[in-house]
1. Rg (Å, one decimal) plus Dmax (Å, integer) for the alpha carbons of the stretch 307-399?
2. Taking R0 as 56 Å, what's the FRET efficiency between Ser201 and Lys62 from their Cβ-Cβ distance, rounded to 0.05?
3. Determine the gain in length on full extension of the stretch Lys307-Asp272; use 0.36 nm per residue of separation and subtract their C-alpha separation, reporting nm with one decimal.
4. Using just the helices of the chain, give the 222 nm mean residue ellipticity in deg cm²/dmol: DSSP H runs with n ≥ 4 each add -39,500 (n - 2.57), and the total is spread over all residues, rounded to 500.
5. Determine the principal axes of the Cα atoms in the chain, then give the extent along each, sorted from largest to smallest and rounded to whole angstroms.
6. What's the extension gain from Val370 to Lys386 if we count 0.36 nm per residue and subtract their Cα-Cα distance?
7. Which residue fluctuates most in the GNM of the chain (Cα springs below 10 Å): Ala331, Ala139, Ala177?
8. Counting only heavy atoms of the protein chains, get the accessible area per residue of the chain (1.4 Å probe) and round it to a whole Å² value.
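The values are calculated or read from the model by the stated rules, or taken from the named source; none is laboratory data. Not measured: the values here are computed from a predicted model. Ideal geometry is used to build each Cβ from the backbone, glycine not excepted, and the neighbour counts take in all protein chains shown. These accessible areas exclude ligands, DNA and RNA; they are computed on the full protein's heavy atoms, side chains included. Shrake-Rupley method; radii C 1.70, N 1.55, O 1.52, S 1.80 Å.
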Amino acid sequence: MTTAQPSPSALLADDVQPTPLALLLLGREADPRSERGVECPGDLPAPSDPDLVERARAAKAKLGERVFVLGHHYQRDEVIQFADVTGDSFKLARDAAARPEAEYVVFCGVHFMAESADILTSDRQQVILPDLAAGCSMADMATAEQVAECWDVLTEAGVADVTVPVSYMNSSADIKAFTGRHGGTICTSSNAKRALEWAFSQGQKVLFLPDQHLGRNTAVRDLGMSLEDCVVYNPHRPNGGLTPEELRDAKMILWRGHCSVHGRFSLDSVNDVRERVPGINVLVHPECRHEVVAAADYVGSTEYIIKTLEAAPAGSKWAVGTELNLVRRLANRFAPEGKEVVFLDRTVCFCSTMNRIDLPHLVWALESLVDGKVVNRIQVDPETEKFAKLALERMLALP
C-alpha cells in the first residue's frame with residue numbers, strides 16, 4: 001500500500017457499500033474500497049482567500065531547498081506557477097531523483113506519479129501529494145487482483161510463458177511490480193515502440209497494461225501489425241471475454257483501459273475541425289482512439305506535442321488533442337508568434353482528477369511542512385518498490 005491507511009483487503013467487508021460517485025466527485029466522502037481518501041487532516045484554505053498566492057510564495061520561500069515542487073503539464077495555471085520543474089510523469093519522477101538535497105518532494109500531479117517519484121527517490125526524501133483524491137481513472141482500470149487473474153487465464157491458455165508484460169507509466173506501483181516480477185518493462189508514450197520491440201525480442205506476445213489505445217496505436221502504427229493481431233482483455237468478463245484460441249492467435253493482448261480525456265476525441269472531432277478551420281494541422285496524443293490517430297497529421301507524447309508547436313512556422317494552425325489545461329497554455333504561449341492553437345473537440349474537457357490539485361491544497365501542504373507536519377505522504381512498500389523499480393530499470397536500459 002502507498003498511504004498510511006488500512007489495506008484494501010481489510011476494508012473489503014461484505015457489508016461495505018461503495019460511496020455514491022456524486023459524493024466522491026464533490027469531495028465530501030471517502031470510498032472504503034479505495035486506498036485513497038479525500039479528506040485533509042487539517043483546515044484547508046478557502047478558495048476565495050485573496051492571499052493564497054502570497055501564502056504559497058511565503059511557505060515555499062521558508063522551506064527553501066528543502067522542498068522541490070513538481071508540476072505536471074496538465075495542472076492548472078494557478079498551481080503550475082509554483083513548480084520548480086514541469087514535464088510529463090516520468091520526467092518529473094527522474095527530476096525528483098536528481099535533487100537528493102530536497103527533503104520534501106511535492107508532486108502536483110496524480111497518485112501513480114507520486115508513487116513513481118517515491119520509487120525513484122532516496123529513502124530520506126518524502127513525496128507528498130497535495131490531494132489524495134487526485135487519482136487517474138486509467139490507472140485505476142487495472143487492479144493487482146484483476147491482473148493476477150488475467151495471468152492465470154493466460155497460463156490456462158498455455159501462453160503465459162511466451163507473454164511479456166509491458167505496462168504504461170500511467171499505472172499503479174502494484175502493476176509496475178507485477179510487470180517487474182514477470183520479466184516485463186515499463187514504457188512511456190515516447191518510448192512505447194522501443195519497449196514493444198524489446199518485449200517481442202524476449203517473447204512471442206505482449207500483455208499491454210492498462211491503456212489499450214497506446215498499445216494498439218504503437219503496434220499497428222509503429223510496428224506494422226494489423227488490428228487483427230490485437231485482442232482486448234476485459235477484466236469484467238469471464239476469461240477476459242476471450243477464448244484460448246483468440247489468446248493463442250493474438251500478438252498483442254490489450255487491457256481494456258483508456259484515458260478519460262484522450263478517449264473522448266473522435267473521428268467526428270477531426271473532421272469537424274478540418275471543416276471549420278481550412279489548412280489546420282491535427283496533432284494528437286497516442287492515447288487517443290485508433291481512428292483519431294489514423295486521421296491525424298501528427299501523433300506523439302506530450303513533450304512531442306510541445307516541441308512540434310515550438311518548431312511550427314508562424315501563421316500555422318493547430319488543433320491539439322490532449323488535456324485542455326495544456327492546450328490553453330500552449331495557445332497563449334504561441335499566439336504572439338502568430339501560431340493558432342485550438343482544442344480538438346468543441347466540448348472542453350479537463351482531467352478532473354488532475355484538477356483536484358488546486359491552490360488551496362498546495363498552500364495547505366506547503367504550510368503544513370513549514371509547521372513541521374508531513375501530510376499526504378506517498379510511500380510504496382519495500383517489496384512492491386523492489387519489483388516496480390526492476391521494471392523501471394529495464395525501461396531505462398532500453399537501447
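1. Using the Cα atoms of the stretch 307-399, the pair Rg, Dmax is 19.9, 53 Å.
2. Numbers: r = 51 Å, r/R0 = 0.92.
Using R0 = 56 Å, I get an efficiency of 0.65.
3. Working: separation 35, 0.36 × 35 = 12.60 nm, distance 2.51 nm.
Residue separation times 0.36 nm, minus the Cα-Cα distance, leaves 10.1 nm.
4. Details: 17 runs with 153 residues, N = 399.
Calculated mean residue ellipticity at 222 nm is -11000 deg cm²/dmol.
5. Taking max minus min along each principal axis of the Cα atoms, the chain gives 62, 57, 42 Å.
6. Working: separation 16, 0.36 × 16 = 5.76 nm, distance 3.16 nm.
Computed gain between Val370 and Lys386 is 2.6 nm.
7. Ala331
8. On the way: 17000 Å² over 399 residues.
Per-residue accessible area for the chain comes out at 43 Å².
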